[in-house]
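The values are calculated or read from the model by the stated rules, or taken from the named source; none is laboratory data. Since this is a predicted model, take the numbers as computed values, not measurements. All Cβ positions, glycine included, derive from the backbone under ideal geometry; neighbour counts span all protein chains shown.
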Amino acid sequence: MNKLHRNTLICGMFLTTTLISGCAGYLPGAGPDTKKVQELATVPSTAIAVVSVDAQVNSKLQQQFRQQQFAEIFAKTKTPHYQIGKGDVLEVSIWEAPPASLFGGAISETRNAMGGARATTLPDQMVSHQGNIRIPFVGAISVLGKTQADIEWLITEKLKHKANQPQVMVRVKNNNSSNVTVVGEVSSSRLIPLSSKGERLLDALALSGGVRQPVNKITVQLTREQQVASMPLADIIRDPRQNVTLQTGDVVTALHAPLSLTVLGATGKNEELNFEVQGISLVQALARAGGLQDNRADKQGVFLFRFEDANVASVLGLTQTANAEGKVPVVYRLDMSDPAVFFHAQNFRMQDKDVLYVSNASAAELQKFLNVLLSAFYPLLNAVSVTR
């Protein structure tokens, strides 16, 4: 190789190296490297917190995100018994021993063939807005909040000195006041009348025709007065204690809200992953994304990007200021080179809209650099060979 060729090659290599070193930040990549993410924690003015996941952090998060169960929230359940309310329709039957004469002219009456006792069924009585019904020879009777047995005794007492040995039977013909509402992802949204049996949560869903989506994708929300709580339907089915007894006015809502997370970086596949309402762990999320790529991934650079509520950030000891929505951007870092972290990752629960990112290893960045260098260097070698 003569001097001119040698100088040309050296100049070409120098220029190539200079260009690549100056443009190193423009090498292809899926996102920031581990160092760049960790540097966020060292910048005082940044609003982003970086938290390394360990046993203490995991424990605090589990306590914050522990879901209260229906059996705890709605534990104070009244003894199921039906109480008469406004709008209910009652059927009142009155029996008199012979010689029965007080209700002899009633519209509907039957006679006991053996004893001669006469039963009179009065026209249906709807409980008025004031909570009353009217009985002939008695007048208005307040029945609001009373049981059927209470009303039977009350009418009997009123008729004692007017009818011959009266006995009264009261039947709820139409239950218009003691209902629960079932809406959402059910076959038929409807009002479910309650009975003295004490209908439970799953009874109401069954009476509405069941849910229209797979069980593992349904969340059940129960609203009772000022209390609102939600649980995965699969958990309610699995644990009979959560199948709580319903109360008048309860609203049962079957919700189908698909949960998803996004996986990026050095994993088997980059995509949005849907997961069940019961939730999945970080380990499960990595497995569904095809795991870490052996030839690219930095096992010390597994990051989870999440907007945490300000109260959760406070529990973690973070000082970052919450945004207008009361959220603090937090980056959770997991060092998968530490075997203990696999146990933490099994208990680390994913949330809707999480972003899971695995950075490239330094060796992978070096390999990309060398590939670019060689792609620029080989044409120079070819040029030298041609000139020779």
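Data for the structure
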read-out: Residue check, residue 116 on the phi > 0 side of the Ramachandran plot, outside the structural domain of residue 196 (by TED's automatic domain parsing) and at pLDDT 70 or above; value: no
read-out: Residues that are part of a loop (DSSP other than H, G, I, E, B) and of a type in the set (Ser, Thr, Tyr), drawn from the range 181-228; value: 187, 188, 189, 195, 196, 208
read-out: Whichever residue in the range 229-260 is acidic (Asp, Glu) and not in a helix (DSSP H, G or I) and, among such residues, is surrounded by the most Cβ atoms within 10 Å (Cβ to Cβ); value: 250
read-out: Among (1) within 17 Å of the chain's Cα centre (by Cα); (2) assigned by TED's automatic domain parsing to the domain that holds residue 350, the one test that residue 284 misses; value: (1)
read-out: Residues satisfying the stated conditions in the range 296-324, i.e. basic (Lys, Arg) and within 24 Å of the chain's Cα centre (by Cα); value: 306
read-out: Flag for residue 274 being part of a strand (DSSP E or B), assigned by TED's automatic domain parsing to the domain that holds residue 334 and surrounded by fewer than 16 Cβ atoms within 10 Å (Cβ to Cβ); value: yes
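Yes/no matrix, rows are residues, columns are (1) in the same structural domain as residue 118 (by TED's automatic domain parsing); (2) surrounded by 15 or more Cβ atoms within 10 Å (Cβ to Cβ); (3) in contact with a strand residue (DSSP E or B) (Cβ under 9 Å, 6 or more places away or on another chain):
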position: 144; (1), (2), (3): yes, yes, yes
position: 156; (1), (2), (3): yes, yes, yes
position: 165; (1), (2), (3): yes, no, yes
position: 170; (1), (2), (3): yes, yes, yes
position: 184; (1), (2), (3): no, yes, yes
position: 212; (1), (2), (3): no, no, yes
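Conditions tested, residue by residue: (1) at pLDDT below 90; (2) of a type in the set (Val, Ile, Thr); (3) under 22 Å from residue 269 (Cβ atoms).
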residue: 319; (1), (2), (3): yes, yes, no
residue: 323; (1), (2), (3): yes, no, no
residue: 332; (1), (2), (3): no, no, yes
residue: 357; (1), (2), (3): no, no, yes
residue: 369; (1), (2), (3): yes, no, no
residue: 374; (1), (2), (3): yes, no, no
